[in-house]
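Notes follow the structure.
The values are calculated or read from the model by the stated rules, or taken from the named source; none is laboratory data. Small disclaimer: the values here were computed from a predicted structure and weren't measured. Methodologically, a virtual Cβ is constructed for each residue, glycine included, from the backbone with ideal geometry; neighbour enumeration extends over all protein chains shown. Ligands, DNA and RNA are stripped out before the accessible areas are found, and what is left, the full protein with its side chains, is counted by its heavy atoms. Shrake-Rupley method; radii C 1.70, N 1.55, O 1.52, S 1.80 Å.
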Amino acid sequence: QVQLVESGGGLVQAGGSLRLSCAASGSVFRINAMGWYRQAPGKQRELVAAITSGGSTNYADSVKGRFTISRDNAKNTLYLQMNSLKPEDTAVYYCNIDAKQFFVSQWHDYWGQGTQVTVSS
């Protein structure tokens, strides 16, 4: 089994910063792409940022220049540094990884439980 534990969400004023973390544990053999998604009330879940195993990144237009995604492969941990936060960034943020377990040939998608980010105006 693979578990993802997220942390770092909270309440912040507009213009502030937060750093999200997502640690993968369990029988993780290898991780390919990793990403952050978010879902605001009444809206569909959307991709915020993603990073490949080689370190290539891509971002939603709405967060470019404000958010930075990174990963520590030695710790199987994903990060999202969020600066200049806006009220429209308010959402539940989920981490997602494409990973393979030991002794299992298939790659699978795994999701974290979500962490709430609330930005007040």
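At-a-glance table
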{"item": "In region 91-121, residue nearest to the chain's Cα centre (by Cα) [restricted to those that are surrounded by 19 or more Cβ atoms within 10 Å (Cβ to Cβ) and polar (S, T, N, Q)]", "result": "Asn96"}
{"item": "Cβ-Cβ under 6 Å pairs, at least 6 apart or on other chains, region 51-77 side more than 27 Å from Ser25 (Cβ to Cβ), far side open to solvent by 50 Å² or more (accessible area, probe 1.4 Å) and outside any strand (DSSP E or B)", "result": "Arg66/Asn83; Arg66/Ser84"}
{"item": "Breaking point among (1) within 20 Å of Val2 (Cβ to Cβ); (2) part of a loop (DSSP other than H, G, I, E, B); (3) modelled with pLDDT of 95 or more, for Phe103", "result": "(3)"}
{"item": "Selection status of Leu47, open to solvent by less than 20 Å² (accessible area, probe 1.4 Å) and either outside any strand (DSSP E or B) or not basic (Lys, Arg) (or both)", "result": "no"}
{"item": "Selection count where residues are open to solvent by less than 40 Å² (accessible area, probe 1.4 Å) and small (Gly, Ala, Ser), scope region 1-22", "result": "5"}
{"item": "Filter result for Ser27 (open to solvent by 20 Å² or more (accessible area, probe 1.4 Å), in contact (Cβ under 8 Å) with a residue 40 or more places away in the chain and closer than 13 Å to Tyr79 by Cα)", "result": "no"}
{"item": "Some residue of region 83-96 being free of Cβ contacts under 8 Å to residues at least 40 places away in the same chain and touching a Ser or Thr at 6+ places or on another chain (Cβ under 6 Å)", "result": "no"}
{"item": "Of all residues in region 30-42 being in a strand (DSSP E or B) and surrounded by fewer than 17 Cβ atoms within 10 Å (Cβ to Cβ), the one that is farthest from the chain's Cα centre (by Cα)", "result": "Arg30"}
{"item": "Search result, residues across region 61-85 that are open to solvent by less than 50 Å² (accessible area, probe 1.4 Å) and part of a loop (DSSP other than H, G, I, E, B)", "result": "Val63, Arg66, Asn76, Leu85"}
{"item": "Matching residues in region 1-48 - criterion: being modelled with pLDDT under 95 and basic (Lys, Arg)", "result": "Arg30"}
